[in-house]
Amino acid sequence: AKPRISFSEMEKYYLDQYFMSGGKLIWLIDPIIAEMDSIGKYEIIMTADYQLNITDQLFKYGVRVNPDIVQDIQCHVIPILANFMGGQPTQELVPWIYYPIITHGSENAMVRNVDPVLLNFPASIDTLAKEGVKKTVLLKTSKFSRISSNPARVDLGIVQVKPDPRYFTKPSQITGVMLEGKFESAFKGRNTVQFDPIFKLIEKTDSNKMLVISDGDLIRNQIKKGTG
């Protein structure tokens, strides 16, 4: 989850062949660098690209995780210093549009009974036409969303202004999708002897599934109800 260094071609090859052999993959990807601890420290940051070197591989499977940040009026809150009372600092909870509260995007059994999900600085996902591959949207933003492309300026001062729906004109951005069906290897037609001279390339799989989610922090399960 949330890889931060570039995948080598050999690593990509073994992931691809694992999938072609029937293994399941979950991609939990942050395409750009945007961390709340840095924003809390500096108040303003400029995002940067992680340069993970997997865009071509995901494209081959039928999906693209875009180098951007999705913002949503339907969002979580963060605490900020409001004022002092009795000599002690007080905090106020304010909407943080970079933390969308995501609703499920289908009646698929994986998400049908799941409560809204918190994402941190998610990216938008595009699905691409691939013969034999079915795409099921599992997570998507609300109808009041917008996108900032990398490099993007993230300013903590934005919490001083109430989000205006007129500026959120990119509705229902995909942030999680399942791909299932027939896939071709991302290494089909390439010389793979350099990666493994013994293992014979598997060029396709007739039935498999993968999940692609544009936030590596999802797996942290940051919000839960009750104490159990």
Query raised in the report: What is the residue count in region 62-94 for residues that are at pLDDT below 95, open to solvent by less than 50 Å² (accessible area, probe 1.4 Å) and closer than 18 Å to residue 37 by Cα?
Result: 3
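Would you mind stating whether residue 19 is modelled with pLDDT of 95 or more, open to solvent by 10 Å² or more (accessible area, probe 1.4 Å) and in a helix (DSSP H, G or I)? Quick ask: steps written out before the conclusion?
Working: modelled with pLDDT of 95 or more: yes; open to solvent by 10 Å² or more (accessible area, probe 1.4 Å): no; in a helix (DSSP H, G or I): yes.
When the stated conditions are applied, residue 19 does not pass them.
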Query raised in the report: Quick check: anything in region 110-119 open to solvent by 80 Å² or more (accessible area, probe 1.4 Å) and in a strand (DSSP E or B)?
Result: no
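Pick from region 39-56 the residues that are in a loop (DSSP other than H, G, I, E, B) and out of contact with any helix residue (DSSP H, G or I) (no Cβ under 7 Å at 6 or more places or on another chain): which of them is nearest to residue 151 (Cα to Cα)? Working first, answer last.
Looking only at region 39-56, we keep the residues that are in a loop (DSSP other than H, G, I, E, B), and these are 43, 47, 50-54.
Among the residues that remain, those that are also out of contact with any helix residue (DSSP H, G or I) (no Cβ under 7 Å at 6 or more places or on another chain) are: 47, 50-53.
Values: 47: 5, 50: 11, 51: 13, 52: 16, 53: 18 Å.
Selected residue: 47.
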Requested in this report: For region 128-143, name all the residues that are open to solvent by 80 Å² or more (accessible area, probe 1.4 Å) and at pLDDT 95 or above.
Outcome: 134
Query raised in the report: Does any residue in region 166-195 that is at positive phi come within less than 7 Å, Cβ to Cβ, of a residue that is part of a loop (DSSP other than H, G, I, E, B) six or more places away or on a different chain, and which pairs are these?
Result: 172/141; 172/143; 181/132
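Only one residue in 33, 54, 39, 45 is free of Cβ contacts under 8 Å to residues at least 40 places away in the same chain and buried (at least 16 other Cβ atoms within 10 Å of the Cβ), so which one is that?
Working: 54 fails: free of Cβ contacts under 8 Å to residues at least 40 places away in the same chain; 39 fails: free of Cβ contacts under 8 Å to residues at least 40 places away in the same chain; 45 fails: free of Cβ contacts under 8 Å to residues at least 40 places away in the same chain.
It is 33.
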**Report entry** Test: residue 59 is surrounded by fewer than 18 Cβ atoms within 10 Å (Cβ to Cβ), within 22 Å of residue 219 (Cβ to Cβ) and at pLDDT 95 or above
**Finding:** no
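The values are calculated or read from the model by the stated rules, or taken from the named source; none is laboratory data. None of these values were measured; they are calculated from a predicted model. Glycine also receives a Cβ, built like all others from the backbone with ideal geometry; neighbour counts cover every protein chain displayed. Quick note on the areas: whole protein, heavy atoms, side chains included, nothing else; ligands and nucleic acids left out. Shrake-Rupley method; radii C 1.70, N 1.55, O 1.52, S 1.80 Å.
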